[in-house]
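Report on one structure; see the data block that follows.
The values are calculated or read from the model by the stated rules, or taken from the named source; none is laboratory data. Note that the coordinates shown come from a computational prediction; the quantities given were computed from them, not determined experimentally. Ideal geometry is used to build each Cβ from the backbone, glycine not excepted, and the neighbour counts take in all protein chains shown. Accessible surface is based on the protein model in full, side chains and every heavy atom, while ligands, DNA and RNA are left aside. Shrake-Rupley method; radii C 1.70, N 1.55, O 1.52, S 1.80 Å.
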Amino acid sequence: MPFNADTIDAAFVRTVLAASNDCIKLLNLDGDLTFMSEGGQRVMEVSDFNQLRGCPWSSFWEGDSHAEAARAVAEARAGRNYRFQGPANTAKGNPRWWDVQVTPVFGADGKPESLLSVSRDITELKRAEEQQRLLALEMNHRIKNVLAMVQAIASQTFRSTSDPVEARAAFIDRLGALGSAQDLLTQTTLTGARMADVVAEAFRPHGREGQVTMSGPDVDLAPRCALALSLALHELTTNAIKYGALSADGGRVAVSWTLTPGEADTVFALSWTESGGPPVAPPTRTGFGTGMIQRALSGYVGGATTLTYEPAGVVFTLTTTLAALTADVI
């Protein structure tokens with residue numbers, strides 16, 4: 001049977017309006033509510049439309065959206081369509097975002113006799129857009145952090161040695177460590193990386209996990225701090241393989257971290273302790289590694305660091321606050 005608009009009865013229209021998740025309303029030419037569809041009452045969380053009947057429709061909007069609603073009424077009253085997006089609470093006070101179109105309903109004389117307002121709930125879409133915006137900001141932030149790290153690595157690496165071949169090899173090696181740290185971040189979440197994963201990743205490329213013990217509570221590092229700690233641990237690991245505990249088969253490295261409640265914030269303490277390797281003596285000059293470990297690291301994560309060369313092995317400590325590790329400050 002072909003479609004015939006004349007055969008559509010009122011019961012069918014009510015069924016369609018009830019099934020729709022759009023909030024469909026009729027307004028008089030002054031912009032007052034005269035009708036709201038059953039589906040509209042559902043999405044607007046209206047329990048009794050009679051309590052809203054006759055209210056100015058624009059009164060449900062605030063701020064810039066109130067001005068948009070008033071303009072929509074004026075445009076439709078003049079015979080033109082108007083569309084806008086804006087936030088408005090439901091009748092129960094729950095915040096929602098709406099895509100709204102207001103159109104004139106023409107009478108037999110060709111002039112507007114009432115106004116039709118159709119509002120669609122786009123709250124989830126707006127949330128997704130906000131998430132995309134935050135992701136873009138986070139990506140921009142990460143890129144700036146990585147570029148700052150690369151600049152610092154290049155500056156200190158080429159300044160600390162006059163041998164271009166040695167400097168090039170060290171620079172490539174350190175960029176590789178930075179890349180591994182970045183891979184770790186992208187494999188987790190945008191909030192950063194787990195402390196245990198950062199420590200494990202420092203040893204994994206060298207196959208020295210069997211000579212390492214690590215222990216500590218779960219700590220989620222902000223991306224900036226995860227990168228800095230990854231580079232510092234890479235330097236400690238490299239030095240231990242070349243000169244320290246990991247250069248000997250019986251050498252050991254113990255990495256542990258603790259969280260202790262403090263007066264103002266939780267205190268984070270990290271220790272790196274080498275043992276079983278050859279006797280250790282302080283270096284005769286300060287290279288990139290020492291600068292990264294002592295100065296750059298403390299600058300990135302706050303707190304204080306110590307690096308001592310005990311005869312039994314290198315001992316490194318970092319003390320800061322949990323807040324400093326978890327808050328990524330631009």
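Look at region 22-43: where a residue is aromatic (F, W, Y) and a partner is open to solvent by 50 Å² or more (accessible area, probe 1.4 Å) and in a strand (DSSP E or B), sitting 6+ places away or on another chain with Cβ atoms under 6 Å, you get F35/L26. Of all residues in region 233-240, one or more are of a type outside the set (D, E), assigned to a helix (DSSP H, G or I), more than 28 Å from the chain's Cα centre (by Cα) and surrounded by fewer than 20 Cβ atoms within 10 Å (Cβ to Cβ). Might you let me know whether region 72-94 holds any residue that is assigned to a loop (DSSP other than H, G, I, E, B), surrounded by 15 or more Cβ atoms within 10 Å (Cβ to Cβ) and more than 36 Å from the chain's Cα centre (by Cα)? No - not one qualifying residue is present in region 72-94. The set of residues from region 97-115 being within 36 Å of the chain's Cα centre (by Cα) and open to solvent by 60 Å² or more (accessible area, probe 1.4 Å) comprises W97, Q101.
If you go through region 248-263 and keep only what is open to solvent by 50 Å² or more (accessible area, probe 1.4 Å) and in contact (Cβ under 8 Å) with a residue 24 or more places away in the chain, you end up with G250, R252, T258, L259. R194 passes every criterion in (1) in contact with a Pro (Cβ under 9 Å, 6 or more places away or on another chain); (2) modelled with pLDDT of 85 or more apart from (1).
Condition test on S65, is it among the hydroxyl-bearing types (S, T, Y), modelled with pLDDT under 95 and either in contact with a His (Cβ under 8 Å, 6 or more places away or on another chain) or open to solvent by 20 Å² or more (accessible area, probe 1.4 Å) (or both)? Here the answer is no, as S65 does not meet what is asked.
The lone criterion from (1) closer than 30 Å to E68 by Cβ; (2) modelled with pLDDT of 90 or more left unmet by A108 is number (1).
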